[in-house]
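None of the figures in this text is laboratory data; all of them are computed from the coordinates on show. Worth saying up front: this structure is predicted, and the values here are computed from it rather than measured. Virtual Cβ from ideal backbone geometry, glycine too; neighbours counted across all protein chains shown.
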Amino acid sequence: MGIKNRLKTGIQKNLNLRYIKRLLGIIALKPVLYAYGKTFPSASDKYLNIFTIESLKKAYSDNNRPIGYGSLFIPYELFYALGITPFLPEVMAGFTAGLGLAPQTLKEASSHWYSQDLCTFHRSASGAAELDLFPRPDYIITSNLACDAAQKSFYIHSVKHNIEKNYYLIDVPYRYSEGSIRYLTAQIKNICTDICSKTGKKLDISMFEEAFGLSNELRKWAIEVGSLRKNLVDYPPSFNGLNFILPFHGLAGTREAVILYKEIYRDLKKYSDKQHKESLGKKKPAKRILWLHLKPYYRNEIFDILYRENCRVVFEEINHVYWPELDYKKPFESLARKMLSNFLGGSIDKRIDVTLKAAHDYKADGAILFSHWGCRQSNGGARIIKDNLKKINVPTLVLDGDCVDQNNSSQGQVKTRLQGFIEILNS
Amino acid sequence: MYTCGIDVGSVSTEVVILDNKNKIVSYVIALTGSNSKNAAKAAFESSLKKAGLKESEIKSIVATGYGRINIPFANKNITEISCHARGAISLFPDLKTVIDIGGQDSKVIKLEGGNPIDFLMNDKCAAGTGRFLEVMAKALEINLEDFTPIFNRTSDKVDITSTCTVFAESEIVSLIGHGVDKNKIIKGLIYSIADRITTMVERVGLEEPVCMTGGVAKNMGVVRALEEKLGVKLNIPDEPQITGALGAAYLARDLH
């Protein structure tokens, strides 16, 4: 049994916080991480795993308090500037699916009256919280940006841990305007002021300098990666741009995210140069796929099928750099602008514009919108996105499924739809 | 040169052998049962026997349907979307829309220039499929073959509100318990399938000419209800159940 399977089995058999803490402590030891890292197919894959485990270990260690839960669309530079160790329950729900724990966390959530209709990222995270698989939070910062379920399910976490006074909801206006910027800026400033009064830190703009500098560097490298991918003909089989959701959001403002994105760039550049020398023009060009929304995080065949059928995911909308550079001299306003720039908030027109531009820039032959059960913000716009892509001759497959609950879709049906779509692209 | 298409569905397995002049030399429709691999092999052998051919005379075989990946003697597997489209186009060359209702699967395929450009399949629920009708026939203790004459002679219907097969069965049992005329229930059931399929067709976008394939296309009650709901005339193949296998046999020819 390989190391990954041993870990998986170990966690499944010992479902408690103490065991997870102990395990993360062992895994995150530098020699273990680097020895383990050698088994990965690329440097970026290695760093992704190392930094993910290290960030989890920090959140599970009481030495790194205060610990803050954050929802996905929060600017995490805020956490690093305030000295809060972030923990992302939605991302952890993806990990629980990958570890094969989701059936247990979902079952636990059901027994606590979480609705079957609730998105499984939040349902699984809530079940994991009920099972005490997550560290105890000191603060919770969430928002109503794009996702409505986070603010509500996260509030339940605050009640469970008796920290309602440390629960902060950022109300992001629907439209981008200077009035909205002012409204949001004031909220972020108030949150920072309140947290600093609780942590005893003096609120000063200098505390944002390092995190913002690193975030801007991440932004620069993420744009470089995107530019490189526009003309990339082929990809390493191990590359999956949908795996970078934690560094792109939760590690924004850290040195680790910058290192990782530099490595992604180097890996892809190296592969591109090698491809160029060896076989450009000899191989049948791959079909270029634009991926919309997320993917299933449990074991599935989707990406193997795509690769086998000579289709390459050339861009994922979750990797779109939508925000302007941050200015530490205007920290609250900068973060407000970042949040308001998110194309998943507000009118569907913003998402359509991003999708059409990505389809054009990345020369997409087709698009796949993974329609995750219960995700209103994404699924609500599926039809209009499909219609708009059709106007520029890009066929779209709306693939119904579930990112976390493997029992909520049939692998056979997913496979048939996917293969049928590939046959259409090849016809 | 002969080619063969095998459509392994959840309920039935169909085999078509085609000669080089596009003539169907034999076809077989058999129950799939619990072992789809064995069912495919048996149906293939039976079709060879009917055609008076040896296996070595079959140039290539394409498998389709949910059991397509489990046919070791097939040269290639292709989804039922492409196969139904190709089969239907071979029968009605100008088609724009194909509606296929099989045992546990219903799909709508949109065509352009004879090629599929979009499709929609039912989700994991079997409502609106042949299995739905079978379960209801059992609950009503009426032969499925009698549904069409009952549909034709009954003027009124009772709306069946449940889409889930299990809930619809309970609803029917309850209606029978309340003394509702079984004929009206049957008419209501047929319209409930037509409603469900109409929604799927509207999502993909209705364009004429339209063809209906699959075993349920043999039920003229469902065909009429669908024609009424969609407001179009449906083209029905002489043997609608073998359309997927026929398309697979055509696509097997393209392998050379």
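Structure values in brief
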{"quantity": "Distance in nm between pseudo-label sites at residue A:349 and residue B:34 (7 Å out along the Cβ direction from Cα)", "calculated": "6.1"}
{"quantity": "Ascending count of other beta-carbon atoms within 10 Å, so fewest first, for A:19, A:174, B:250", "calculated": "A:174, A:19, B:250"}
{"quantity": "DSSP beta bridge pairing in the range B:8-78, given as percent antiparallel to the nearest 5", "calculated": "80"}
{"quantity": "Residue order, fewest to most surrounding Cβ atoms within 10 angstrom, among B:135, A:394, B:98", "calculated": "B:135, A:394, B:98"}
{"quantity": "19 Å Cα-Cα reach of residue B:218 towards lysines, excluding residues that sit fewer than 8 places from it in its own chain", "calculated": "B:107, B:138, B:187, B:229, B:233"}
{"quantity": "Between helix B:130-140 and chain B: long-axis angle, C-alpha atoms, 0 to 90°, nearest 10", "calculated": "40"}
{"quantity": "Of all DSSP beta bridges in chain B, antiparallel share, percent nearest 5", "calculated": "65"}
{"quantity": "Peptide B:102-109, shielding by other chains (average Cβ, 10 Å cutoff)", "calculated": "1"}
{"quantity": "MRE, 222 nm, helices only [DSSP H, n ≥ 4, -39500 (n - 2.57), over chain B, to nearest 500]", "calculated": "-13000 deg cm²/dmol"}
{"quantity": "Electrostatic dipole magnitude of chain A [Cβ: Lys, Arg +1; Asp, Glu -1; Cα centre; debye, to 20]", "calculated": "920"}
{"quantity": "Distance from the range B:129-173 to the range A:140-176 (C-alpha centre basis), Å", "calculated": "48"}
{"quantity": "About the Cα centre, charge dipole magnitude for the range A:215-307 (Lys/Arg +1, Asp/Glu -1 at Cβ), debye", "calculated": "360"}
{"quantity": "Relative contact order of the range A:1-131, pairs being alpha-carbon contacts under 8 Å that are 6 or more residues apart, as %", "calculated": "18"}
{"quantity": "Dipole moment magnitude, nearest 20 debye, the range A:30-181 about Cα centre, only Lys, Arg, Asp, Glu C-beta charged", "calculated": "420"}
{"quantity": "Distance between the range B:199-256 and the range A:288-318 - C-alpha centres, whole angstrom", "calculated": "31"}
{"quantity": "Cα shape, the protein assembly as shown, gyration tensor, a/c 1.5 rule", "calculated": "prolate"}
{"quantity": "Value at 222 nm in deg cm²/dmol, rounded to 500, when DSSP H runs of n ≥ 4 in chain A each add -39,500 (n - 2.57)", "calculated": "-16500 deg cm²/dmol"}
{"quantity": "Exposure proxy order (Cβ contacts within 10 Å, fewest to most) of B:44, A:421, B:92", "calculated": "B:92, B:44, A:421"}
{"quantity": "Percent RCO, i.e. relative contact order, over the range B:135-238, from Cα pairs under 8 Å lying at least 6 residues apart", "calculated": "29"}
{"quantity": "Anchor residue A:198: lysines whose Cα lies under 28 Å away (excluding residues fewer than 8 positions away in-chain)", "calculated": "A:21, A:57, A:58, A:152, A:160, A:165, A:189, A:329, A:330, A:338"}
{"quantity": "Helix axis angle, A:382-391 relative to chain A longest principal axis, alpha carbon, degrees", "calculated": "40"}
{"quantity": "Positive-end residue, the protein assembly as shown charge dipole about Cα centroid, Cβ charges, pick of B:46, A:169, B:147", "calculated": "A:169"}
{"quantity": "DSSP-defined antiparallel bridges as percent of all bridges, the protein assembly as shown, nearest 5", "calculated": "40"}
{"quantity": "Chain A, relative contact order in percent, only Cα pairs under 8 angstrom and at least six apart counted", "calculated": "18"}
{"quantity": "Vicinal HN-Hα couplings computed from phi for the range A:339-345 (Karplus, 6.51 cos²θ - 1.76 cosθ + 1.60; Hz; Gly/Pro x)", "calculated": "5, 6, 7, 4, 6, 8, x"}
{"quantity": "Cα long-axis angle, helix A:178-199 against chain A (0 to 90 degrees, to the nearest 10)", "calculated": "50"}
